[in-house]
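Participant: Structure incoming, see below.
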Amino acid sequence: MTNAARPSPIAWLIAPAGLLFVLFFVLPFAVMTAMSFYSGNPVTNPNAFLTTRHYERFIFDTAGIFHEALWSTLRIGLITTVISLLIGYPLAHWMARMQSRLGHALVLMAVIAPMLTGIVVRTFAWMTILQDKGVINTTLMQWGLIEKPLPLMYNEFGTIVALVHIYVPFMVLTLTGVIGRIDERLEQAARSLGAGRLRAFVEVTLPLSLPGILAGSLLVFALSISAYVTPSLMGGTDVLTLPMLIAQQVGTSFNPNFAGALGVILLLVSLAIVVAYNRILARLAGGQGMA
Amino acid sequence: MISRRKALRTGAGLAALATVGAPSILHAQTKTLKITTWGGKWGEVMKATVLPAFEKEFKCTVSADQAFPFLPKLQVSSKNDPIYDVLHTNSNEQWNAVVEGLVMNKITAKEVPNIADVYPYAVSDKIVGVTIFTSAIGLGFRTDKGLTKPTSWKDLADPKLAGARGGYLIPVNSLGQAHLMMLGKVYGKGLTDLDAAYKALEALKPIKLVDFTGQMEKMLLSAEVSMGVIHDSGVYRYEGANMQPVDFASPSEGVLALEQVLNVTPGSKVKELAFAYIDYMLRPDVQKMLAEAVWYSPANQKVKLEAKYDAKLLTTPEKVATLIQPDWKWYNARREDIDARVTKILKG
């Protein structure tokens, strides 16, 4: 056997990750996709037959809720991503350029600390702050500034506030690494050639940090559109997302086939958005593709 | 020709293989009963007292799953070797399970002798399996908000309660589904009058909706809602040192039954043990212990509760007569349409 025919050491190192990806993503996704084209569970129900009715049910949406749920899911995901980016970018830039190691470590701890508590706990914390009898409304009413509670919860606003709080650390950590690797001298060179602070940032630092923006945005978007606990607890009657519908179909309507179809649809629509986003950013950066 | 030593070696090897291949042989004396059960206080009492006593008496081990929802897991397991032997859920899920052939249609006193002593509602035509306890779904309310104790389901529609009344996300909660049917009875021709129910639901807006009863308890305790649909045990448990300014009201039109139902899976390999478990759960002493721990009304008529429980729970034929059992078979058959309609009504 020649050396060329042997797998390289890198391949062996990648193999466990590849195996995990196949076992815990490719295989379950394939099963879910297959289930979405059956009337029932073909393993336990011999009468289950192939059908496209679950997709037809979504496409024709005679119930009048599925398209709205998809749009609501994407809208919440997009808004959460944009706000996380707006909050996260300055923080990440500050962290990446920080000279003090102690200062960097302290800010890093502050960013990571919320991630040490579970999503359910953080969501319940937001509920105690934003609900009608919560900290904000009670304080404002006691001060006589408002008569009725402000609608801070049981709607999309409350859901997005909680999601942004939960996912900003993901954006910051992703961006910090990328911005930290940008050579500061490039920005200094631009300034020495007459560019102002803002122009140097917009024309040098920002384009070079686009890979970080892309990675952070995709991470936050993916997490936001698949969020279940936070929209369920914070959304009240106003918010219905596809993950909520999927959980409903599996857990209480006992229709895993339609849930599978909803999962496939969510993934396909999200992929389309991700590809479009990638192309737009690549065009802005003047490159080909970024991810 | 095979030598004696070779034959012995081969025989020993085959015996070892058979033992490894069939571990059940090694554990033939200890059967395992796979059940579903609730968490919280109920789960604590089950794990600490009820299940160990059952295991000792029936020389078995019990594997109890508390990770809800149970039915999707049963759906994907083999019907010939189901993941559970006994399914414990509320009544509407049992109806979903029986339609798919995942649980038995009926259980009789022949298989479970203590069924002879249960109230008729526990084995009525609205039940598949057998009810071991029930709660009453009525109205929970704050006693510190100047509200008079509600006497009718219509009291929840009081304009003063706008934004301070609580209900459930109907597609995911059986209390919400039962309440919807009750609206049909109170405002229309009966539990199946959906048009009247939808209209009455619309009139309840603005309403705060939650997806499980624990969250409704939290909303009542934090005064986020002043009145809400809830089961009696979700209010009565806040008594004594744990006293809170909340109380439970049974509306005059009747209370809805929230049954705790046990059923056996047809493919169970330990069916006799499964029936023995249900019989055990219906024993008066076990019923009393659990009823007083979590404020559930026992299904066995022979149970004698302490006075404070007896005063509030459904322990006499007269009190039991106030229970209304929804027709879950009827509801589940229309579920998709109902879910879509109520989602549209309550959104926005």
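Participant: Would you be so kind as to identify which of A:A110, A:Y167, A:L186 lies farthest towards the positive end of the dipole of the stretch A:62-285, taking Lys and Arg as +1 and Asp and Glu as -1 on Cβ and the Cα centre as origin?
Facilitator: Projecting each Cα onto the dipole axis, the largest value belongs to A:L186.
Participant: Tell me which residues come under 5 Å, amide H to amide H, from B:M104 once H is placed; ignore anything under 5 positions away on its chain.
Facilitator: B:V264
Participant: Now for a separate question. Counting only other residues whose beta carbon sits under 11 Å from that of B:N300, what net charge do I get with K and R as +1, D and E as -1? Display every interim value, and only then the final one.
Facilitator: Numbers: positive: B:R283, B:K288, B:K302, B:K304; negative: B:D117, B:D279, B:D285.
Counting the neighbours of B:N300, the net charge comes to +1.
Participant: What is the sum of charges around B:V172, taking Lys and Arg as +1, Asp and Glu as -1, for the other residues whose C-beta is under 10 Å from the C-beta of B:V172? Please list the in-between numbers first.
Facilitator: Working: positive: none; negative: B:D211, B:D339.
Net charge around B:V172: -2.
Participant: For chain B, what does -39500 (n - 2.57) per DSSP helix run (n ≥ 4), summed and divided by total residues, give at 222 nm, in deg cm²/dmol to the nearest 500?
Facilitator: That comes out to -11000 deg cm²/dmol.
Participant: At 7 Å along the Cα-to-beta-carbon direction for both B:S124 and A:T117, put a label point, then send me their distance in nm to one decimal.
Facilitator: With each label point 7 Å from Cα toward Cβ, the separation is 4.6 nm.
Participant: If you filter the stretch B:84-173 for trypsin sites (Lys or Arg not before Pro), then keep DSSP loop positions with at most 10 other Cβ within 10 Å, what is left? Before the final figure, lay out the partial values.
Facilitator: On the way: sites: B:K106, B:K110, B:K126, B:R142, B:K145, B:K154, B:K160, B:R165; in loops: B:K110, B:K126, B:K145.
Here the sparse-neighbourhood loop sites are B:K110.
Participant: Using modelled backbone amide H atoms (1.01 Å from N, in-plane), which distant-in-sequence or interchain residues come within less than 5 Å of B:V210's amide H?
Facilitator: For B:V210, whose amide H was placed from the backbone, the distant partners under 5 Å are B:G167, B:Y168, B:L169.
Participant: Report the calculated FRET efficiency for A:S8 and B:S78 (r = Cβ-Cβ distance, R0 = 45 Å), to the nearest 0.05. Present the calculation step by step, with values, prior to reporting the outcome.
Facilitator: Working: r = 43 Å, r/R0 = 0.95.
The calculated FRET efficiency here is 0.60.
Participant: Sticking with this structure for a sec: Taking each residue in A:243-253, count the Cβ atoms of any other chain within 10 Å of its Cβ, then average. What number comes out? Before the final figure, lay out each step's value.
Facilitator: Numbers: counts 0, 4, 3, 0, 3, 6, 4, 4, 7, 15, 7.
That works out to 5 on average.
Participant: Something else now. Run the quick spin-label model on A:N41 and B:S152: label points 7 Å from Cα toward the beta carbon, then report their separation in nm to one decimal.
Facilitator: 4.7
Participant: Let me ask another. Using θ = phi - 60° and the Karplus relation 6.51 cos²θ - 1.76 cosθ + 1.60, list the HN-Hα couplings for the stretch B:319-335 in order, rounded to whole Hz, with x at every Gly or Pro.
Facilitator: Result, rounded to whole Hz: 5, 5, 5, 7, 6, 10, 9, x, 8, 5, 5, 5, 5, 4, 5, 10, 4.
Participant: Using protein chains only and a probe of 1.4 angstrom, how many square angstrom of B:K288 are accessible, to the nearest 10?
Facilitator: 60
Participant: Quick one: dipole size for chain B, taken about the Cα centre, charges +1 on Lys/Arg Cβ and -1 on Asp/Glu Cβ, in debye to the nearest 20. Show your work: numbers first, answer last.
Facilitator: Details: 43 positive and 36 negative charges, 221 e Å.
Around 1060 debye, computed over chain B.
Participant: Right, another one. Using a 1.4 angstrom probe on the protein heavy atoms only, line up B:W95, A:W71 by accessible area, largest first. Numbers along the way, then the final one.
Facilitator: On the way: B:W95 30, A:W71 130 Å².
Ranked from most to least accessible, the order is A:W71, B:W95.
Participant: What pairs from B:K154/B:K344; B:K34/B:K110; B:K110/B:K308 go past 24 Å between their alpha carbons? All intermediate terms of the calculation are to be shown ahead of the outcome.
Facilitator: Values: B:K154/B:K344 22 Å; B:K34/B:K110 22 Å; B:K110/B:K308 34 Å.
Exceeds cut-off: B:K110/B:K308.
Participant: In the stretch A:35-78, what trypsin sites (Lys or Arg not before Pro) fall in a loop by DSSP, with at most 11 other Cβ atoms inside 10 Å? Could the numbers behind the result be given before it?
Facilitator: On the way: sites: A:R53, A:R57, A:R75; in loops: none.
Here no trypsin sites (Lys or Arg not before Pro) fit, given the DSSP loop and packing criteria.
Participant: Taking all protein chains in place and a 1.4 Å probe, what share, in percent, of the accessible surface of chain A do carbon and sulfur account for? Kindly include the intermediate steps, with their values, before the conclusion.
Facilitator: On the way: 11170 of 15760 Å².
C and S fraction of accessible area: 71 percent.
Participant: How many angstrom separate the Cα center of the stretch A:77-114 from the Cα center of the stretch A:126-150?
Facilitator: The distance from the Cα centre of the stretch A:77-114 to that of the stretch A:126-150 comes to 29 Å.
Participant: Further, regarding this structure: What FRET efficiency comes out for the pair A:V269/A:V22, r = Cβ-Cβ distance, R0 = 22 Å, nearest 0.05?
Facilitator: Working: r = 24 Å, r/R0 = 1.09.
Efficiency for this residue pair is about 0.35.
Participant: Oh, and also: Taking amide H positions as placed in the peptide plane 1.01 Å from N, state which residues far from B:V118 in sequence (5 or more) or on other chains have amide H under 5 Å from it.
Facilitator: B:Q301
Participant: Also: For a protection proxy built on the mean count of beta-carbon atoms within 10 angstrom, sort A:108-115, B:216-223 highest first, please.
Facilitator: Details: A:108-115: 13.6, B:216-223: 20.0.
The most tightly packed comes first, giving B:216-223, A:108-115.
Participant: Something else now. Using label points projected 7 Å from each Cα along Cα→Cβ, tell me how many nm separate B:A203 and B:N242, to one decimal.
Facilitator: Simple spin-label model gives 3.6 nm for this pair.
Participant: I want to make sure I understand the PRE zone here: with the label point 7 angstrom from the Cα of B:N105 toward its beta carbon, which residues in the stretch B:314-331 have backbone N atoms less than 18 Å away?
Facilitator: Flagged as within label range: B:328-330.
Participant: Next question. Considering only C-alpha atoms, what is the centroid distance from the stretch A:187-226 to the stretch B:279-348, in Å?
Facilitator: 60
Participant: Whole angstrom only: what separates the Cα centroid of the stretch B:56-76 from the Cα centroid of the stretch B:123-198?
Facilitator: Using only Cα atoms, the two centres lie 31 Å from each other.
Participant: While we're looking at this one, here's another question. Which whole-Hz ³J(HN,Hα) couplings does the stretch A:142-155 yield from phi under the Karplus relation 6.51 cos²θ - 1.76 cosθ + 1.60, θ = phi - 60°, glycine and proline marked x?
Facilitator: 5, 7, x, 7, 9, 9, 10, x, 6, x, 8, 10, 6, 7
Participant: If you take every DSSP beta bridge whose two residues both sit in chain B, what share of them, in percent to the nearest 5, is antiparallel?
Facilitator: On the way: 24 of 39 bridges.
Among the beta bridges of chain B, antiparallel pairing accounts for roughly 60 percent.
Participant: Shifting gears a bit: Tell me what chain A gives for mean residue ellipticity at 222 nm when only DSSP H runs of n ≥ 4 count, each as -39,500 (n - 2.57), the sum divided by the residue total, rounded to 500 deg cm²/dmol.
Facilitator: On the way: 14 runs with 195 residues, N = 291.
Computed mean residue ellipticity for chain A: -21500 deg cm²/dmol.
Participant: Put +1 on the Cβ of every Lys and Arg and -1 on every Asp and Glu Cβ in the protein assembly as shown; which of B:W153, A:I246, B:N300 then has its Cα farthest towards the positive end of the dipole?
Facilitator: Result: A:I246, furthest along the dipole toward the positive end.
Participant: Label the stretch A:44-165 by shape, choosing from rounded, prolate and oblate, from the square roots a ≥ b ≥ c of the eigenvalues of the Cα gyration tensor; if a/c is under 1.5 it is rounded, and otherwise prolate applies when a/b is larger than b/c, oblate when it is not.
Facilitator: Details: a/c = 2.54, a/b = 1.48, b/c = 1.72.
The shape class here is oblate.
Participant: With θ set to phi - 60°, apply the Karplus curve 6.51 cos²θ - 1.76 cosθ + 1.60 along the stretch A:250-256 and write out the HN-Hα couplings as whole Hz, x wherever there is a Gly or Pro.
Facilitator: Once θ is set to phi - 60°, the couplings for the stretch A:250-256 become 7, x, 10, 8, 6, 10, x Hz.
Participant: Just read off the accessible area of A:Y55 with the full protein assembly in place, 1.4 Å probe, to the nearest 10 Å².
Facilitator: Surface accessible to solvent at A:Y55 totals approximately 30 Å².
Participant: Output the pairs from B:K41/B:K218; A:K133/B:K199; A:K148/B:K149; B:K31/B:K56; B:K149/B:K347 with a Cα-Cα distance over 21 Å in this structure; if there are none, say none. Kindly include the intermediate steps, with their values, before the conclusion.
Facilitator: Working: B:K41/B:K218 16 Å; A:K133/B:K199 29 Å; A:K148/B:K149 25 Å; B:K31/B:K56 12 Å; B:K149/B:K347 29 Å.
Listed pairs above 21 Å: A:K133/B:K199; A:K148/B:K149; B:K149/B:K347.
Participant: Further question: Could you tell me which of A:A15, A:I129, A:Q99 has its Cα farthest along the dipole of the stretch A:1-140 towards the positive end, charges placed at Cβ (Lys, Arg +1; Asp, Glu -1), taken about the Cα centre?
Facilitator: A:Q99
Participant: How much length is gained if the chain between A:T33 and A:W143 is pulled fully straight, taking 0.36 nm per residue apart and subtracting their Cα-Cα distance, in nm to one decimal? Display every interim value, and only then the final one.
Facilitator: Values: separation 110, 0.36 × 110 = 39.60 nm, distance 5.53 nm.
Taking A:T33 through A:W143 to full extension adds about 34.1 nm, to one decimal.
Participant: What does the charge dipole of the stretch B:151-241 about its Cα centre add up to, to the nearest 20 debye, if the Cβ of each Lys and Arg holds +1 and the Cβ of each Asp and Glu holds -1?
Facilitator: On the way: 10 positive and 10 negative charges, 35 e Å.
It comes to approximately 160 debye.
Participant: Let me ask something else about it. Can you send over the solvent-accessible area of A:L13, 1.4 Å probe, protein chains only, in Å² to the nearest 10?
Facilitator: Estimated to the nearest 10 Å², A:L13 gives 130 Å².
Participant: Ignoring ligands, DNA and RNA, how do A:V22, A:V168 rank by accessible area with a 1.4 Å probe, largest first?
Facilitator: So the residues, ranked largest to smallest area, are A:V22, A:V168.
Participant: Could you work out, residue by residue across B:69-77, how many beta carbons of other chains sit within 10 Å of that residue's beta carbon, and then give the average as an integer?
Facilitator: Across the residues of B:69-77, the mean count of other-chain Cβ atoms within 10 Å is 4.
Participant: Ok, one more. Assuming R0 = 25 Å, what is the FRET efficiency of A:L284 and A:L108, from their Cβ-Cβ distance, to the nearest 0.05?
Facilitator: Numbers: r = 29 Å, r/R0 = 1.16.
Once the sixth-power term is evaluated, E becomes 0.30.
Participant: Give me the dipole magnitude in Debye, nearest 20, for the stretch A:62-285 about the Cα centre, with unit charges on the beta carbon: positive for Lys and Arg, negative for Asp and Glu. Each step should come with its number before you reach the end.
Facilitator: On the way: 13 positive and 9 negative charges, 124 e Å.
That gives a dipole near 600 debye.
Participant: Please state the shape class of chain A: rounded when a/c is under 1.5, otherwise prolate if a/b exceeds b/c and oblate if not, all from the C-alpha gyration tensor. Can you show the working numbers first?
Facilitator: Values: a/c = 2.03, a/b = 1.15, b/c = 1.76.
Oblate is the answer for chain A, as a/c is 1.5 or above yet b/c matches or exceeds a/b.
Participant: Let me ask another. Top to bottom by accessible area (1.4 Å), largest first, where do B:K199, B:K329 land? Before the final figure, lay out the partial values.
Facilitator: Details: B:K199 160, B:K329 125 Å².
The residues order as B:K199, B:K329, largest area first.
Participant: Let me ask you something else. Mind running the shape call on the protein assembly as shown? Use the C-alpha gyration tensor, a ≥ b ≥ c as the square roots of the eigenvalues: rounded below 1.5 for a/c, prolate if a/b tops b/c, oblate otherwise. Mind dumping the intermediate values first?
Facilitator: Values: a/c = 2.03, a/b = 1.25, b/c = 1.62.
Oblate shape, in that a/c is at least 1.5 and b/c is the bigger or equal ratio.
The values are calculated or read from the model by the stated rules, or taken from the named source; none is laboratory data. This one's a predicted model, so the numbers in the text were calculated from it and none came from an experiment. Every residue, glycine as well, gets a Cβ built from its backbone with ideal geometry; the counts of neighbours run over all protein chains shown. For the accessible areas, the whole protein counts, side chains as well, though only heavy atoms, and no ligand, DNA or RNA atoms are used. Shrake-Rupley method; radii C 1.70, N 1.55, O 1.52, S 1.80 Å.
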